[in-house]
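Data block below; observations after.
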Amino acid sequence: MRDSTTTPCVLFPELFDRPLTATFDVPNASSDGGAVLLAAADRRLGLISRLAAALIDERQPGKVRHALADLLGQRIHGLALGYDDANDAARLADDPIHKLLLGRDPIQGDALASQPTLSRFENDVTDRELKAMSEALFETVVARHARRRRKVRRITVDLDVTDDPTHGAQQLSFFNGFYGSWCYLPLLAFLTFDREPDQYLCAAALRPGNAPTARGALTLLKRIVGRLQERFPRARILVRLDGGFASPRLFEFLDEVDVDYVVAIGSNDVLARHAALDLVVARLLAEATGRTEHVYFDFPYAAGTWDRERRIVCKAEVVCHEGREPKLNPRFVVTNLTGKPQRIYERIYCMRGEIENRIKELFDVALDRTSCSRFRANQLRVLLAAAAYVLLQELRLAARGTAWARSQVSTLRLQLLKIGVQVVASVRRLVLRLPATFPYRDAWRALALRSGASPG
């Protein structure tokens, strides 16, 4: 353990009715007392052990102090708890809760890995290991939901791209004119089961900053759809994508594997002619009401590069803002679904907007902390952030029926994990001494019982 010759303290001589001294002298204490819920979540998932099994340890056994699973766990737990950098390792090296999460004795156990050790680990990963880790993440998520959802009628697959701004000389960081910055462009995949409110992250791939939206998407989609059809043979799969992913090969694949799809496409002269009359109707409605108006309709269409006609659903929209000229805004999606055009567009396609909230949450676990020089190391960091997010989603899943069922992961962290604690250890047991005045005490206890604890 780290030795200290002085105890840090400060004095507020006139702040209150008597002098106040604040001193950091509580032994074996942590500010992450609720993090044992992360260990319970990982026990249900088996995520960290699966990720570790994807790595090949070529270090000399006699010189190894930290197993690869411990290095992974240290980084993943740290990200879930808001410690974004490997630099945080020095501050957390002797934290009893962080040691406990790795299965070490919280008092007498070895200190956690140092920042240089973690950096070497991040930079030693190979492409083969990254691929195996990505597959392990996906299989863990799918297996978990296959266990909890015996009967599934529909699984919705959403892919999306976000920008990850870069500020150094990272490999494959390029200027992207659309986002107006040097960046990476991670590709993310989410699964929704029936009408559940959450979209579960199942894949995260880092890509160069100049990558087209569709790069790598079809390969990823083929893997996802194939495994879902194996795991859930009776479920209908719905693929929902924005216009950047549309291509003839994509539509041919979706038809070939017999899945449902709603995919946006950009406008062209032919589509614009189809929309012209309904845009006139929408404009007349907008002029009469002074509000934005929509007209929905559908028609068959085949681009010159397509192998067949497909159904197009169009939203002929006229956007109205006070003091501005009405703006024509036709939107088109390709689908093989039956049903009314308005329902397909509003109730099915537009619901993909929910994944924007999931992507925002990913930045709360440092998805964008891709500051390593090497691209592979940054891909590993993206996977570590994804793993931390999967743990927090599992925690939120355990909170169904509580006030935290729809909470953002930052709220889960603040209200469930960030609890001051003193760890007391004996030969027979460990005790976490939590504040008696903790405002969420009863609800936290109920969630712990759901997570595998028993009444004490």
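Observations
- Heavy-atom surface analysis with a 1.4 Å probe gives the chain a carbon and sulfur content of 51 percent of its accessible area.
- (i) -0.34, -0.57, -0.84; (ii) -0.26, -0.47, -0.74; (iii) -0.35, -0.55, -0.76, with the label sought being that of the calculated log10 I(q)/I(0) by the Debye sum over Cα atoms at q = 0.06, 0.08, 0.10 Å⁻¹: (i)
- Proximity of backbone amide H atoms, modeled 1.01 Å from N, is registered between TYR261 and VAL239, ASN336, LEU337 at under 5 Å, excluding neighbours fewer than 5 places apart on the same chain.
- When you filter the GluC sites (Glu not before Pro) in region 180-258 for DSSP loop state and at most 13 other Cβ atoms inside 10 Å of their Cβ, nothing is left.
- Each residue, ASN336 and GLN171, gets one label point 7 Å from its Cα in the Cβ direction; the gap between the two is 3.9 nm.
- For the chain, the 222 nm mean residue ellipticity estimated from helices alone, with every DSSP H stretch of n ≥ 4 adding -39500 (n - 2.57) and the total spread over all residues, rounds to -11000 deg cm²/dmol.
- Note on LYS327: lysines with a C-alpha under 20 Å away, same-chain residues under 8 apart excluded, are LYS315.
- Spatially proximal aspartates and glutamates relative to LYS360 (Cα-Cα < 16 Å; intrachain offsets below 8 disregarded): ASP84, ASP158, ASP160, ASP163, ASP164, ASP198, ASP368
- When you restrict to C-alpha pairs under 8 Å that are six or more residues apart and normalise by the size of region 219-289, the relative contact order lands at 28 percent.
- Dividing the mean sequence gap of close Cα pairs (under 8 Å, 6+ apart) by how many residues region 1-156 holds gives a relative contact order of 26 percent.
- Think of a 1.4 Å ball rolled over the protein heavy atoms: the chain then has 51 Å² of accessible area per residue.
- The string of couplings for region 363-370 from the Karplus curve (6.51, -1.76, 1.60, θ = phi - 60°) is 6, 6, 10, 6, 4, 8, 8, 9 Hz, one whole number per residue in order, with x for Gly and Pro.
- Taking the chain and dividing mean pair separation by its residue count, relative contact order in percent (alpha carbons under 8 Å, at least six apart): 19
- Using the Cβ of ARG75 as centre and a radius below 12 Å, the other residues enclosed give a net charge of -3, where K and R count +1 and D and E count -1.
- Where chymotrypsin sites (Phe, Trp or Tyr not before Pro) fall in DSSP loop in region 165-215, at most 13 other Cβ within 10 Å: PHE178
- Restricting region 215-287 to trypsin sites (Lys or Arg not before Pro) in coil, as DSSP defines it, with at most 13 other Cβ within 10 Å: ARG234
The values are calculated or read from the model by the stated rules, or taken from the named source; none is laboratory data. Since we're looking at a predicted model, the values are computed, not measured. We place every Cβ from the backbone using ideal geometry, glycine too, and count neighbours over all the protein chains shown. Heads up: the accessible areas ignore ligands, DNA and RNA and are worked out on the full protein's heavy atoms, side chains in. Shrake-Rupley method; radii C 1.70, N 1.55, O 1.52, S 1.80 Å.
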